[in-house]
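The values are calculated or read from the model by the stated rules, or taken from the named source; none is laboratory data. Not measured: the values here are computed from a predicted model. Here Cβ is always computed from backbone atoms with ideal geometry, including for glycine, and neighbour counts include all displayed protein chains.
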Amino acid sequence: MTDLIILALLLPGPKHGYQIKREAGWILGQAAMHNNLVYPMLRRFLEEGLATKKSVAGERGQNRQQYVLTARGRQTLLARLNSYGENEAGSVEGFHMRVGMFELLEPEARERILSLREAYLRSQEEKSTALQAQMDLGSYGGEVVRHRLEKTQFELAWIRRLRRLVKSDSNDGRKS
């Protein structure tokens, strides 16, 4: 998933490695990502033809490397975002990342992603409800299951809101 975030960060245009590290960290809710994670990934992107790099003059006369997404990199990013199946539907991070990039996806792909996540959540809701009905969970165990159900119901409501946005965007003739 980190590789998708880094590819997506290159969509708007060229970026220095330091900027990529910082922005990826922000997205993931942490400090800048570590060099040992970002730079090997950028090297792999270069080797696979997903990105190119160029030297540009820095502010203090040094040369700095800028990374640029290639057409192949964009195609790969879109293909990976679109390859969302039942296995991925259980990953909240994978779902959030794709929703965050819905502007890049066609309405049909958005709906497929929403439907898969919704089906996963409905199955979790059924399991939690059955657990409540069939077991004595005690006070704290019951609280955990109630909390899980509330989170699931909250996300299902969010999916309904996202569907309205997708429909509204489609009616407006826009892709995003």
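Data overview
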read-out	value
The one condition in (1) free of Cβ contacts under 8 Å to residues at least 12 places away in the same chain; (2) assigned by TED's automatic domain parsing to the domain that holds H16; (3) not aliphatic (A, V, I, L, M) that T70 fails to fulfil	(1)
Residue check, E118 loosely packed, with under 14 Cβ neighbours inside 10 Å and among the charged types (D, E, K, R)	no
Restricting region 55-78 to residues that are closer than 19 Å to L42 by Cα and small (G, A, S), the residue that is surrounded by the most Cβ atoms within 10 Å (Cβ to Cβ)	G73
Residue among R64, R80, R43, R72 that alone is over 17 Å from L104 (Cβ atoms), part of a helix (DSSP H, G or I) and charged (D, E, K, R)	R43
Residue ID - farthest from the chain's Cα centre (by Cα), chosen from residues in region 125-171 that are β-branched (V, I, T) and closer than 22 Å to E106 by Cα	V166
Qualifying position, being in contact with a helix residue (DSSP H, G or I) (Cβ under 7 Å, 6 or more places away or on another chain), at pLDDT 90 or above and either assigned to a helix (DSSP H, G or I) or surrounded by fewer than 12 Cβ atoms within 10 Å (Cβ to Cβ) (or both), among R164, R146, R110, R160	R110
Candidates S91, S139, S128, S123 - the one that is farther than 26 Å from L28 by Cα and surrounded by 15 or more Cβ atoms within 10 Å (Cβ to Cβ)	S128
